[in-house]
1. Rounded, prolate or oblate: pick one for the stretch 35-179, where a ≥ b ≥ c are the square roots of the eigenvalues of its C-alpha gyration tensor, a/c under 1.5 means rounded, and failing that, prolate if a/b is larger than b/c, else oblate.
2. To the nearest 20 Debye, how big is the dipole of the stretch 120-248 about its Cα centre, given +1 on the beta carbon of each Lys and Arg and -1 on that of each Asp and Glu?
3. Using square roots of five times the C-alpha gyration tensor eigenvalues, list the equivalent-ellipsoid semi-axes of the stretch 107-254 in whole Å, biggest first.
4. Around L72, which amide H atoms from residues at least 5 apart in sequence, or from another chain, sit under 5 Å from its own amide H, with H modelled in the peptide plane?
5. How high is the relative contact order of the stretch 93-206, given as a whole-number percent (alpha carbon pairs under 8 Å, six or more residues apart)?
6. Under the rule of at least 5 residues apart or a separate chain, name every residue whose amide H is placed under 5 Å from the amide H of W99.
7. Separation of the stretch 31-91 and the stretch 162-232 by C-alpha centroid, Å?
8. Given H placed 1.01 Å from N in the peptide plane, which residues other than close sequence neighbours of V31 have an amide H under 5 Å from its amide H?
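FYI, it's all coordinate maths here, none of it is from the lab. Since this is a predicted model, take the numbers as computed values, not measurements. In this analysis, Cβ positions are derived from the backbone assuming ideal geometry, glycine residues included, and neighbour counts consider all displayed protein chains.
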Amino acid sequence: MSKTKGRTTPSYVELRERLSRRDRSLRDKIVSLEQAASFVRDGDSVGIGGSTMSRTPMGMIWALIRAGRKALTCSRSIVSSDGDLLLASGVCHHIITSWFSQSILWGVSKVMRHHVESGKARYDEWSHMAMGMRFRAGAMGVPFMPIRSMLGSDVRSQLPEPVEIDCPFTGDKILLVPALNPDVALIHVQRCDPYGNAQIDGLQFMDIDLAIAADKVILTTERIVSNDQIRRAPDQTKIPFFTSVWSTRSRSRGCGNISSASSMGRSRGTTSSL
C-alpha cells in the first residue's frame, strides 16, 4: 500500500495484481443468497449499486443483516432506506455517499442523524460527481482522479482525503480524489445468465465502474436467463462474466420494495456473481 500524509491507498501494481487474481472462467455461478452473504466478511468495504430507490440490492442487504455481519464500510452514489437498515441493524458503521435520504421530500435520514450524532457510526459526504470519479479511478486502476467538483464548498473542508493542487498544465486549482476500490460490490440487475453476464435496463448509475473497481461482485437479478438470450442483445450486457468469481440463486424480488426499471414483482430468482 502507498502511504501519503497518513492515508493508505492501493498502488497501481497492487490493483493490477488483485485484478489478475479474479476467476475469469466461464462457469455456472448460481448460489443462494445465504451463500453469497458468506463471501462478505466482517470489516469489508462494500459498494452498493443503483441509486436512491432505484435497483437497490435489498435481497443481499437483508441477507447480510440475517447473517449478522458487522463493521462494514458501505459506499454508494446516493443512499436511501438501505442505509437506514444497514445502520439500525448494526451491520454497517461507516457510510460514504453524496446524499442520505428517502428522497428530497422527506429530508435527511433521521436514522443516520441519530447514529452519527450519538457516535455510533461515521458518515462521509462527498459530492455526487466525486463519488462517481472515485469509482471511475478505482475501475481504471489509478490512485486518484482530478475534478473541480467540491472546490470552494464546505463539503470539501469536512474531508481530509481530497488534495488540492495547481494543475501542471493550466495552473488552475483542481482537486484530487482518491480511488474507491470496495472489497465487494452488491449490484441488482434485470437479467443475468448463470455465468454472470448481466444486463441493465434504464439508468446504469455508477454500477459499471463499481463492478470493475471492486475485488468481488455479487449480482442479484430479476430473472435468470439463458446465455443464448443474453447473446441476442449483447449491447445490453453491461457487466460481463469476467468481472465475476462466484454466483447465487434465491427467492424472488431481489429489489424488495425498492423500484427496478422493469419486472418489479415478477422476478424468478436471484443470482449473485462474485
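1. Because a/c hits 1.5 or more and a/b exceeds b/c, the stretch 35-179 counts as prolate.
2. In total the dipole reaches around 200 debye.
3. Gyration-tensor ellipsoid for the stretch 107-254: 34, 21, 12 Å.
4. When sequence neighbours closer than 5 places are left aside, the close amide H contacts are G43, C92, H93.
5. 20 percent
6. Placed amide hydrogens put V79 under 5 Å from W99.
7. Comparing the Cα centres of the stretch 31-91 and the stretch 162-232, I get a distance of 16 Å.
8. Counting only residues 5 or more places away or on other chains, the set is S247, T248, R249, S272.
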